[in-house]
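Visitor: Just passing along the structure, written as structure tokens.
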Ligand code: FPP
Ligand code: MG
């Protein structure tokens, strides 16, 4: 199964997509918590890993729906740092599945380029086996010029770890910074999501109404949507229902969200918001991250 599925819409599904899209206020950025894979596997008397594999197939469908809906950015929770605590067998199976899927990216470069999909893995990849780090770096480098759909895969990720890493980065690379340079905005620049606007909507399946340490910094104004369906059973109708719910929420939220976006733009580097010390630091951070990726992706 490819990363972006060739989902064949029935005529009435195309109609429903068009109606929802025409309603306006389609989220620019949507985050998915793909929960319920093991419950699905259990319900079908399948091994746990088959639940995760089915989950991947549904992710590929969702990406297709997002592309066709005009959504620009998707962030999906594929492997939490908490998941390392699962049985050795399940962790190894999940890492093998990831190996298979990241290898696949290297093979379907052309298709991803056609769709303009840029893959970014967010998370503490140092915790992963080296061969997987390498595949991830290659996949990221291979698609770095694409800009139609940004796909952020949270892998080996938790929010608390992300924030901890951000502080560590400031301490490691921040020589020359002064206490007054430390701000929310600076911490935000050190998060893995540095190049993204916050998600407009977070979509979680399986009836759990928790955030589970996912994008906690980023979702302060995000519309949360919970549905009882298990992730491997998600259909286009569940997806559209989520988008529709978001559209209704937007009618109340829009003035506030617009205000937040303006605030974001005002704070951007182009507006001379940062001191030279901070700009130097951010440059250092950029080249540090690029070098890490580049040397990983070119080793072997
Ligand atoms: C949560 O369901 C799901 C996961 C921990 C893994 C999700 C991974 C995939 C869908 C595969 C994607 C792979 C890549 C490389 C993007 P759960 O295991 O918590 O199920 P449960 O809630 O029923 O116990
Ligand atoms: Mg779960």
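The values are calculated or read from the model by the stated rules, or taken from the named source; none is laboratory data. Remember, it's a predicted structure, so these values are computed and weren't measured experimentally. In this analysis, Cβ positions are derived from the backbone assuming ideal geometry, glycine residues included, and neighbour counts consider all displayed protein chains.
Visitor: Looking for something closer than 24 Å to residue 98 by Cβ, assigned to a loop (DSSP other than H, G, I, E, B) and in contact with a strand residue (DSSP E or B) (Cβ under 9 Å, 6 or more places away or on another chain) - is there at least one such residue anywhere in the stretch 156-172?
Guide: Yes, that holds for at least one residue.
Visitor: Report, by residue number, each residue of the stretch 186-206 that is over 14 Å from residue 31 (Cα atoms) and touching a strand residue (DSSP E or B) at 6+ places or on another chain (Cβ under 7 Å).
Guide: Keep residues of the stretch 186-206 that are over 14 Å from residue 31 (Cα atoms), which gives 186-192, 194-195, 206.
Within the stretch 186-206, 192 is the sole residue that qualifies.
Visitor: Mind checking which residues of the stretch 40-68 are closer than 19 Å to residue 115 by Cα and either more than 16 Å from ligand 2 (Cβ to nearest atom) or over 20 Å from the mean Cα position of the chain (by Cα) (or both)? Step through it out loud before you land on a result.
Guide: Step one: filter the stretch 40-68 for residues closer than 19 Å to residue 115 by Cα, giving 56-68.
The answer is 57, 60, 61, 62, 63, 64, 65, 66, 67, 68.
Visitor: Which count do you get for residues in the stretch 91-108 that are in contact with a helix residue (DSSP H, G or I) (Cβ under 7 Å, 6 or more places away or on another chain), surrounded by fewer than 16 Cβ atoms within 10 Å (Cβ to Cβ) and more than 14 Å from residue 136 (Cα to Cα)?
Guide: Of the residues in that region, 1 qualify.
Visitor: Which of the residues that make up the stretch 223-236 are in contact (Cβ under 8 Å) with a residue 60 or more places away in the chain and surrounded by fewer than 22 Cβ atoms within 10 Å (Cβ to Cβ)?
Guide: Answer for the stretch 223-236, where residues must be in contact (Cβ under 8 Å) with a residue 60 or more places away in the chain and surrounded by fewer than 22 Cβ atoms within 10 Å (Cβ to Cβ): 229, 233, 236.
Visitor: Hey, could you check the stretch 1-34 for residues that are farther than 30 Å from residue 106 by Cα and modelled with pLDDT under 95 and say which is surrounded by the fewest Cβ atoms within 10 Å (Cβ to Cβ)?
Guide: Selected residue: 24.
Visitor: Just the residues that are touching a helix residue (DSSP H, G or I) at 6+ places or on another chain (Cβ under 7 Å) and within 14 Å of ligand 2 (Cβ to nearest atom), please, taken from the stretch 208-225. Please lay out each step first, then the result.
Guide: In the first step, residues of the stretch 208-225 are kept if they are touching a helix residue (DSSP H, G or I) at 6+ places or on another chain (Cβ under 7 Å); the result is 213-217, 221, 223, 225.
If the condition is that a residue be touching a helix residue (DSSP H, G or I) at 6+ places or on another chain (Cβ under 7 Å) and within 14 Å of ligand 2 (Cβ to nearest atom), then 213, 214 are the ones that fit.
Visitor: In addition: Of the residues 37, 83, only one is under 26 Å from residue 202 (Cβ atoms), surrounded by fewer than 20 Cβ atoms within 10 Å (Cβ to Cβ) and within 14 Å of ligand 2 (Cβ to nearest atom); which? Steps first, please.
Guide: Working: 37 fails: surrounded by fewer than 20 Cβ atoms within 10 Å (Cβ to Cβ).
That would be 83, the only listed residue that is under 26 Å from residue 202 (Cβ atoms), surrounded by fewer than 20 Cβ atoms within 10 Å (Cβ to Cβ) and within 14 Å of ligand 2 (Cβ to nearest atom).
Visitor: Check every one of the helices (runs of 4 or more DSSP H) wholly within the stretch 2-74 and list those with 2 or more residues that are more than 14 Å from ligand 1 (Cβ to nearest atom) and closer than 27 Å to residue 210 by Cα. First the steps, then the outcome.
Guide: Numbers: elements: 11-22, 37-43, 48-69.
So the answer is 48-69.
Visitor: For residues that are touching a residue at least 40 places away in the same chain (Cβ under 8 Å) and either within 19 Å of residue 78 (Cβ to Cβ) or out of contact with any helix residue (DSSP H, G or I) (no Cβ under 9 Å at 6 or more places or on another chain) (or both), tally how many sit in the stretch 170-193.
Guide: Within the stretch 170-193, residues that are touching a residue at least 40 places away in the same chain (Cβ under 8 Å) and either within 19 Å of residue 78 (Cβ to Cβ) or out of contact with any helix residue (DSSP H, G or I) (no Cβ under 9 Å at 6 or more places or on another chain) (or both) number 2.
Visitor: Okay, next question. With the requirement that a residue be touching a helix residue (DSSP H, G or I) at 6+ places or on another chain (Cβ under 8 Å) and free of Cβ contacts under 8 Å to residues at least 60 places away in the same chain, what does the stretch 121-135 give you?
Guide: Selection gives 121, 124, 125, 126, 127, 128, 129, 131, 132, 135.
Visitor: Continuing with this model, one more query. Give me the pairs, please: first residue somewhere in the stretch 194-213 and under 12 Å from residue 225 (Cβ atoms) and in a loop (DSSP other than H, G, I, E, B), second residue anywhere and at pLDDT below 95 and within 16 Å of ligand 1 (Cβ to nearest atom), beta-carbon distance under 7 Å, and either six or more positions apart or on two chains.
Guide: From the stretch 194-213, no pairs qualify.
Visitor: I'd like to know if the stretch 154-171 contains one or more residues that are over 30 Å from residue 24 (Cβ atoms), surrounded by fewer than 20 Cβ atoms within 10 Å (Cβ to Cβ) and either within 14 Å of ligand 1 (Cβ to nearest atom) or under 15 Å from the mean Cα position of the chain (by Cα) (or both).
Guide: Looking through the stretch 154-171, none of the residues is over 30 Å from residue 24 (Cβ atoms), surrounded by fewer than 20 Cβ atoms within 10 Å (Cβ to Cβ) and either within 14 Å of ligand 1 (Cβ to nearest atom) or under 15 Å from the mean Cα position of the chain (by Cα) (or both).
Visitor: Would a scan of the stretch 186-193 turn up a residue that is within 16 Å of ligand 1 (Cβ to nearest atom) and either at pLDDT 95 or above or not in a strand (DSSP E or B) (or both)? Even if it seems obvious, please write down each step before you answer.
Guide: Step one: of the stretch 186-193, the residues within 16 Å of ligand 1 (Cβ to nearest atom) are 192.
After this cut, where a residue has to be either at pLDDT 95 or above or not in a strand (DSSP E or B) (or both) as well, the list is 192.
Within the stretch 186-193, one or more residues are within 16 Å of ligand 1 (Cβ to nearest atom) and either at pLDDT 95 or above or not in a strand (DSSP E or B) (or both).
Visitor: Can you say whether residue 228 is closer than 30 Å to residue 41 by Cα and either touching a strand residue (DSSP E or B) at 6+ places or on another chain (Cβ under 6 Å) or within 16 Å of ligand 2 (Cβ to nearest atom) (or both), as far as the supplied structure shows?
Guide: Numbers: closer than 30 Å to residue 41 by Cα: yes; either touching a strand residue (DSSP E or B) at 6+ places or on another chain (Cβ under 6 Å) or within 16 Å of ligand 2 (Cβ to nearest atom) (or both): yes.
So residue 228 fits the description; yes.
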